[in-house]
Amino acid sequence: MTHGTHNAIDDPRNENILIYVNGEFLPRNEAKISVFDSGYLVGDGVWEAVRLHEGVLVFLDLHLDRLWQAASAIGMDLKMSREDLVMEIQKTLDTNEMSDGVHVRFMLTRGIKKTPSQDPRLTISGPNLVIIPEYKTASAGSREKGITLFTSTIRRGSPDYLDPRLNCHSKLHEVQALIQALEAGADEALMLDVNGFVSTCNATNFFMVKNGEVWTSTGQYCMNGITRQNILKICKKKEIPCFEKNFSLFDVYGADEAFVTGTFGAVTPVTAIDGRIIGAGAFGPVSRNLYKYYLELIREEVERANG
């Protein structure tokens, strides 16, 4: 059985959702994109995923900031404004009569190619936009159980060849890292940076706790996580000692607690790494408090948006 930070409770309503494909709404088994799409051919595209809570797409501005930065980094003109994109997302939610407990993924690729090629000059259409809304509630049982990690030999790349902050469709190195972890009997992969320091996981950001201090990587070689940013913000507000720094597996193996963060799973404890039990091998007090504070931050966001 699959276990990890993206475990969701099965929801039969998802069988009948309509998926947005370039302005059309299609049943999930009919939602298709051309085999000449840039994303399919060469992984040329950017994407985001947000949570819908009580009618509010929480932290949406931060996600849009990251999307537009990513598009700029790869020289991709999205051909729409932020307002245009938000309107299409809301239209998708309204069409599906969705208002709560929804995970929305929206993906933009450079467009349709004339022929299979990397060359962007061979793109013969505007960007392709796909929006997939699903009823997804993270499994509380999975969160309480926690996850195990295995340190992959696949490193997080240097910013001069594929900046880890770029939320793009090219995820093969992360898939490779995850496969190594699964073959080693772990749930997900821990990844080091090019200097051998702990960077991030294959799909989430990594934190450890030692003597009441929260440590995470410098941010130079890790995903530009929105939840990561919010945990740092929470630590500052709550006066919890928190450091973005270089640290190695030497430090991690002696941690009191460890956890990972992500838009879907929020805060998930790490119980073991490379077969070594971390702390008590359970959701630790610092991690649990940060999860509670994160839920409070979401509540504040919803209340602010709803006036």
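Read the figures in this text as sums done on the coordinates, not as results from a lab. For clarity, every value in this text was computed on a predicted model and none was experimentally measured. Note that we place each Cβ from the backbone using ideal geometry, even for glycine, and neighbour counts take in every protein chain shown.
Points to keep in mind about this one:
- Residue, farthest from the chain's Cα centre (by Cα), within region 193-217, restricted to residues that are over 18 Å from Asn167 (Cα atoms) and surrounded by fewer than 21 Cβ atoms within 10 Å (Cβ to Cβ): Asn211
- Residues satisfying the stated conditions in region 10-34, i.e. at positive phi and of a type in the set (S, T, N, Q): Asn22
- Filtered residues of region 45-69 (kept if aromatic (Phe, Trp, Tyr) and in contact with a strand residue (DSSP E or B) (Cβ under 6 Å, 6 or more places away or on another chain)): Trp47
- Which numbered condition Thr5 misses (of (1) surrounded by fewer than 19 Cβ atoms within 10 Å (Cβ to Cβ); (2) β-branched (Val, Ile, Thr); (3) not in a helix (DSSP H, G or I)): (1)
- Residues in region 18-44 that are part of a loop (DSSP other than H, G, I, E, B), out of contact with any helix residue (DSSP H, G or I) (no Cβ under 9 Å at 6 or more places or on another chain) and buried (at least 16 other Cβ atoms within 10 Å of the Cβ): Ala31, Phe36.
- Candidate set from region 127-165 (those that are of a type in the set (Ser, Thr, Tyr) and more than 23 Å from Arg13 (Cβ to Cβ)); member that is surrounded by the fewest Cβ atoms within 10 Å (Cβ to Cβ): Tyr161
- Restricted to region 272-307, and to residues there that are touching an Asp or Glu at 6+ places or on another chain (Cβ under 6 Å) and part of a helix (DSSP H, G or I), the residue that is surrounded by the fewest Cβ atoms within 10 Å (Cβ to Cβ) is Val302.
- Failed condition for Thr227, given (1) among the hydroxyl-bearing types (Ser, Thr, Tyr); (2) without any contact (Cβ under 8 Å) to a residue 60 or more places away in the chain; (3) part of a helix (DSSP H, G or I): (2)
- Filtering Trp47, Trp68 for residues that are over 14 Å from Ile131 (Cβ atoms) and surrounded by 14 or more Cβ atoms within 10 Å (Cβ to Cβ) leaves a single hit, Trp68.
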